[in-house]
Amino acid sequence: MSGVVHFKFKSSLVKDSVTFDGHYISVGELKRLIAAKKGLGAEGGAELEVSDWNTRAAYTNDAEQIPRNTSVIVRRVPAATKGRPGPGNRAGAAAAGAAGASPAAGPLAALAALQARDDFGGDVYDAAAAEAGRQEEDALIAQHLDAQAQQGTS
C-alpha cells in the first residue's frame, strides 16, 4: 500500500509531498526522498532536519518511523563536519572558539572567536582573501587621492 508524507520547508510557503510504499517511512529515508525531490544532491539528506508539524519536536534518530499521511516541517542545517561543531550547536561553537583561544586571553577572546563565525559554523571570511581585499582597497584609495591631488595642482 502506498503512503505519503506532506512536508514544508520552514522558510517556504508551499507544502509538498513524497510518496513511498508501506505504512511507515524512516526519517533517514524521508530525508533522502526530500533531498532527491528538491535536487539537493546525494548527500543532501544529511543537511535536513525534520520535525513534527504539530509539536515542532525534531526527529533526531534517522531510524525513527513516521506514519503515512503525516505532515512535517523540514529545515536545512549544516552537515556536521570533522573538527567543527554539529548543526545548530552554539555551545559547541563557543567551546571550539574558547579552545582555540589562549587561557590568558579570557572570555573576550572566546566571544570574539564566536562572533567571527557565521550561523553555519564556518569562518565568515578567509583571512588571506580579506587581507588581499584590504590591500586592493588601499591601492584604489591611494590612486583616487593622487588623482585628486593632481587635479588640484593643475
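Bear in mind these aren't lab numbers, they're just calculated from the coordinates by the rules spelled out. Because the structure is predicted, anything quoted here is derived from the model rather than measured. Please note: Cβ atoms are built from the backbone with ideal geometry, for glycine as well, and neighbour counts cover all protein chains shown.
For the peptides 8-21, 26-39, the ranking by mean Cβ contacts within 10 Å, running from highest to lowest, is 26-39, 8-21. Each principal axis of the Cα cloud of region 2-76 was evaluated for its coordinate range; sorted largest first, these ranges are 27, 26, 23 Å. Would you be so kind as to identify which of Phe9, Ser26, Gly44 lies farthest towards the positive end of the dipole of region 2-76, taking Lys and Arg as +1 and Asp and Glu as -1 on Cβ and the Cα centre as origin? Most positive-ward Cα: Phe9.
So how do 67-74, 133-140 stack up, highest first, on mean other-Cβ count within 10 Å?
Details: 67-74: 15.6, 133-140: 10.2.
With the highest mean Cβ count within 10 Å placed first, the list reads 67-74, 133-140.
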